[in-house]
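Let me begin by presenting the structure, written as structure tokens, before commenting on it.
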Amino acid sequence: MESERLTIPAQLSKRPALIAHIARACGRVGPARPASAESLELNDPFDAEYVSAFSEIFNNIVLHGYAGGSEEHIEIDIRVDDDELITRITEHGVPFDPGELSAPDLSQLPEGGMGIYIVEAFVDKFDYEPGPPNTWTIKKRYRGQDQRP
Amino acid sequence: MKYTRTDSDDATTLEIIGTLDALTVPEIRSCVDTLVDDDRQDIVVDLSSVELIDSSGVAVIVSLYKRVRAKGGSVEVTGVQGQPAAIFKLLRLDRVFAT
């Protein structure tokens, strides 16, 4: 098992480096991926889905929890355990009530309310506990090219 | 993120390169608004060079689609692959756009 902790300001400007970091963490589960220093290579379904889920959570924290951004720091714990990648985010933004969320009506081509839907669809397990501090945990096991449980 | 708008008669191609997400969407929103204001009727959004999209990026494309359609025009999305394809499939946008 290996783990690391990142501490970064809750700002969208930190998003590109953070997403690249999470993409590299994805590469530590399952078979080796071809590394690219110049672009995100998310051709493996595991990587595409995990990065998608994480990025929606980060957006939610910055845009909603911190009303667009803050100098306040959030903590991101990343753990690789066999073929499972676990990320836990701890933050002190405004919490939300998961019970108020409903699945988007995709037939209506929604322009919002898709973030948590993407998270829940793309990871094996998603937990949110309102705080303070609020904690978000996602887990996903590598299953090869077919990522459906 | 970079984008290029190319007009040819009634058709417009909007090529987007890089990441279309909550951070970069504000950069392209004015271009989308201008396409609608210019009454462009035949729009192709080329995502073949987009490597990452999030729900914010999806929203700006859906917004363009709805507004152009409301004016009687059409929006086609091409070149969707990799992570964007996973998002489009999940949100059933692959059925809406000829990706």
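Quick note: the coordinates plus some simple rules give every number you see, no bench work behind them. Because the structure is a prediction, the values reported are computed rather than measured. Cβ sites come from the backbone with ideal geometry, for glycine too, and all protein chains shown count toward neighbours.
Data for the structure
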item	result
Under 17 Å from the Cα of A:Lys139 - lysines, other chains or at least 8 residues apart	A:Lys125
Those lysines that a straight Cα-Cα span of less than 19 Å connects to B:Lys66, excepting residues fewer than 8 apart in one chain	B:Lys89
Given charges at beta-carbon only (K, R positive; D, E negative), |dipole| of the stretch A:9-121 in Debye	360 debye
Gap separating the Cα centres of the stretch B:8-22 and the stretch A:78-124, nearest whole Å	28 Å
Globularity ratio of the stretch A:48-149, using Cα Rg and 2.2 N^0.38 Å	1.10
Under 19 Å from the Cα of A:Lys14 - lysines, other chains or at least 8 residues apart	B:Lys2
Within chain B, longest stretch free of exposed trypsin sites (Lys or Arg not before Pro) [DSSP loop, at most 12 other beta carbons within 10 Å]	B:1-70
Among B:Ala86, B:Leu47, B:Ser30 the positive-end extreme of the charge dipole of the stretch B:2-90 (Cβ point charges)	B:Ala86
Potential extension, A:Glu120-A:Glu71 segment - 0.36 nm per residue separation minus Cα distance	14.8 nm
Between 0 and 90°, nearest 10: helix B:55-70 axis offset from chain B longest Cα axis	30 degrees
Footprinting exposure proxy for B:Thr78, B:Thr6 (fewest neighbouring C-beta atoms within 10 Å first)	B:Thr6, B:Thr78
Helical contribution to [θ] at 222 nm, DSSP H n ≥ 4, -39,500 (n - 2.57), averaged over the protein assembly as shown, rounded to 500	-9000 deg cm²/dmol
Dipole moment magnitude, nearest 20 debye, the protein assembly as shown about Cα centre, only Lys, Arg, Asp, Glu C-beta charged	260 debye
DSSP beta bridge pairing in the protein assembly as shown, given as percent antiparallel to the nearest 5	70 percent
Selection from A:Phe58, A:Ala48, A:Ala32 lying farthest towards where the dipole of the stretch A:1-62 points positive, charges on Cβ	A:Phe58
GluC sites (Glu not before Pro) lying in DSSP loop within the stretch A:1-103, provided at most 10 other Cβ fall within 10 Å	A:Glu38, A:Glu71
Hydrodynamic radius (Kirkwood) for the protein assembly as shown, which is based on Cα pairs only, to one decimal in Å	18.7 Å
